[in-house]
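Colleague: Take a look at this one; I'll ask things after.
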Amino acid sequence: MKTKTLAKFVSVLLFLGSSFYLKSSIAAEFCSDAYYIDVTLVNGARWDMCWEQRNREGIVLHKVHYTPKAGQRRLILSSASLAQIHVPYDDNGARYHDISDYGLGGNYMVDLRQTDCPSGKLLKQGERPVLCEQVSASEHGFRYQNEQVKTEALSIFSVSRVGAYHYIPLWRFYEDGAIEPAVGATGALQRFNDASAEEQGWLITPNKVGLGHVHNFFWKLDFDLAGTSRDDVIEELNLQEQGDRSVLKKTRFNTEIGRSVSPATARRWLIRDAEQTNSEGQSLAYEIRLPQSEQQDIGPDSEAFTHKDIYFTTFQECELYASHNPSLEGCADSLRDFVSDESLLGADLVVWPSTTFYHMPRAEDAPFMDAHWSYISLTPRDWHARNPLSTSADTSGTQLNNPEPPVTPPINPPVTPPVLNPPSQQPNGGTGSLDYCLLLLLVLVSWRASRQAIHSIDE
Ligand SMILES: [Ca+2]
Ligand SMILES: [Ca+2]
Ligand SMILES: [Ca+2]
Ligand SMILES: [Cu+2]
């Protein structure tokens, strides 16, 4: 009896020891424990990564790994950070390059309080709490008949004060592998003029114009899909009209290039591992979309890096910022010249997406303005062979040729007398009826709620 208890005790000790060893050995793989984030979400998906604080970029993430529920742990991003916040003003009185010329880290980084990070964990750089790690409900779940799943997302954010602005770089990591890099901008307006400048902004009090400006956000994403850096390829997808059909065109880029959004062709980009596949033989890929393409900043020739929305380059150690990059030892000054005709084949690729927010001040921006959010979208495409959140058998599309819709006998339209004056109340069920209004209201409310869920950060 005694030996049995002792053996049990020893085996428990061994188990605890080995799991501790395993965990710390993974952390020690790329960084020390203090800079290692390792979170398993409610349905079993896990995200782990290292972080670093730099004077210019602020928080830089390294070795971002995703493990789907009961799936394989794979590297997605070797490093990820913001690479510029470019803020040209309508009156041309200032054209800020906030990251390269000021910075998001060092003295610009704001120390966080626990109240800034409700039910989250503050991560410290030395003694300074600079990063908040939170887990919250996400809208990436699903429902089908009786099956329903609620999901969570891991959020990581910091706050930097640059001039009158507070920037909130935020990374959201979802249970299905999606990543949403975002930046919130709040604080106070930076520049004003009198009423004579009304065409370069907005009168926010009788003789005070808040000057209009653009925030161009650039990210530097070094994808090394599945841990291999030299077998990733870039493709652009465009949906083109051909008669009554739409055709999906895929174009592979073999040399460095800058590209722009194209809402009319639903343009998006894929970074795809040319070697490694999921269990169904499909290439592991991430899809990159720039959903906030309602506005673009195409600046003067001196700011040619604004002329494209996304750039694909080969990795160069000295290429750090989208603009005002230190041109030491022959390194180029901006994204425009990072694109230097180098071959993307067999190279370590870097993706530089951007998004634009035109900030037209309003009376409500004083004394402090609400956080306005800019974001891009990175979604797994065939990273899994099926939705990792469901265990149900897949019975969809078993008949690949979609059956013809059942033929219904033609109905002779009922003869109705012409109505001279439109009825004051619409018949039930038609557009404009109460049912329709209720439905629209419901859709609007749930859309607002889901948007708020993404971006609710208590400042
Ligand atoms: Ca790869
Ligand atoms: Ca290059
Ligand atoms: Ca790469
Ligand atoms: Cu602004």
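Colleague: Taking a quarter of the surface of the convex hull around the Cα atoms of segment 113-152, what do you get in nm²?
Modeller: 3.5 nm²
Colleague: At a 10 angstrom cut-off on C-beta neighbours, averaged per residue, how do the peptides 269-277, 209-217 rank from highest to lowest?
Modeller: 209-217, 269-277
Colleague: Under the √(5λ) rule applied to the eigenvalues of the Cα gyration tensor, what semi-axes describe the equivalent ellipsoid of segment 149-251? Give them in Å, descending.
Modeller: 39, 24, 15
Colleague: Give me the dipole magnitude in Debye, nearest 20, for segment 93-161 about the Cα centre, with unit charges on the beta carbon: positive for Lys and Arg, negative for Asp and Glu.
Modeller: With only Lys, Arg, Asp and Glu charged at Cβ, the dipole is about 80 debye.
Colleague: As a quick test, which of the pairs K63/K150; K63/K308; K124/K308 have an alpha carbon distance above 30 angstrom in this structure?
Modeller: Over 30 Å Cα-Cα: K124/K308.
Colleague: Between segment 290-344 and segment 123-183, how far is it from one alpha carbon centroid to the other, in angstrom?
Modeller: 27 Å
Colleague: Tell me, what HN-Hα J-couplings in whole Hz come from the Karplus equation 6.51 cos²θ - 1.76 cosθ + 1.60 at θ = phi - 60° for each residue of segment 92-106, using x for Gly and Pro?
Modeller: 6, x, 7, 9, 7, 10, 4, 7, 6, 8, 10, x, 9, x, x
Colleague: Pull up the cross-link candidates among the aspartates and glutamates for K208, meaning alpha carbon to alpha carbon under 19 Å and not fewer than 8 places away within one chain.
Modeller: Filter leaves D90, D91, D194, E198, E199, E364, D365.
Colleague: Straight-line reach from K69: which aspartates and glutamates have a Cα under 19 Å away, not including same-chain ones fewer than 8 places off?
Modeller: Output for K69: D38, D48, E139, E147, E152, E175, D176, E280, D382, D394.
Colleague: At a 10 Å Cβ-Cβ cut-off, how would you order D38, D370, fewest neighbours first?
Modeller: D370, D38
Colleague: Assign unit charges at the C-beta atoms only (+1 for Lys and Arg, -1 for Asp and Glu), then state the dipole size of segment 71-213 relative to its Cα centre in Debye, rounded to the nearest 20.
Modeller: Charge dipole, segment 71-213, about its Cα centre: 500 debye, nearest 20.
Colleague: Just name one of I204, A304, F368: the one whose Cα is farthest towards the positive end of the charge dipole of segment 33-386 (beta-carbon charges, Lys/Arg +1, Asp/Glu -1).
Modeller: F368
Colleague: Provide, for q = 0.14, 0.15 Å⁻¹, the log10 of I(q)/I(0) from a solvent-free Debye sum over equal Cα point scatterers in segment 77-229.
Modeller: -0.86, -0.94
Colleague: So, in Å, what gap is there between the alpha-carbon centers of segment 227-289 and segment 48-93?
Modeller: 22 Å
Colleague: From zero up to wherever the largest Cα-Cα distance of segment 33-386 sits, split into 20 Å bins and tell me the percent of pairs in each.
Modeller: 28, 58, 14, 0
Colleague: What are the radius of gyration and Dmax of segment 21-128, computed over its Cα atoms and given in Å?
Modeller: 17.2, 59
Throughout, read-outs are computed from the coordinates displayed, never taken from laboratory work. From a predicted model like this one, the values you see are computed outputs, not experimental measurements. Cβ atoms come from the backbone with ideal geometry, glycine included; neighbour counts cover every protein chain shown.
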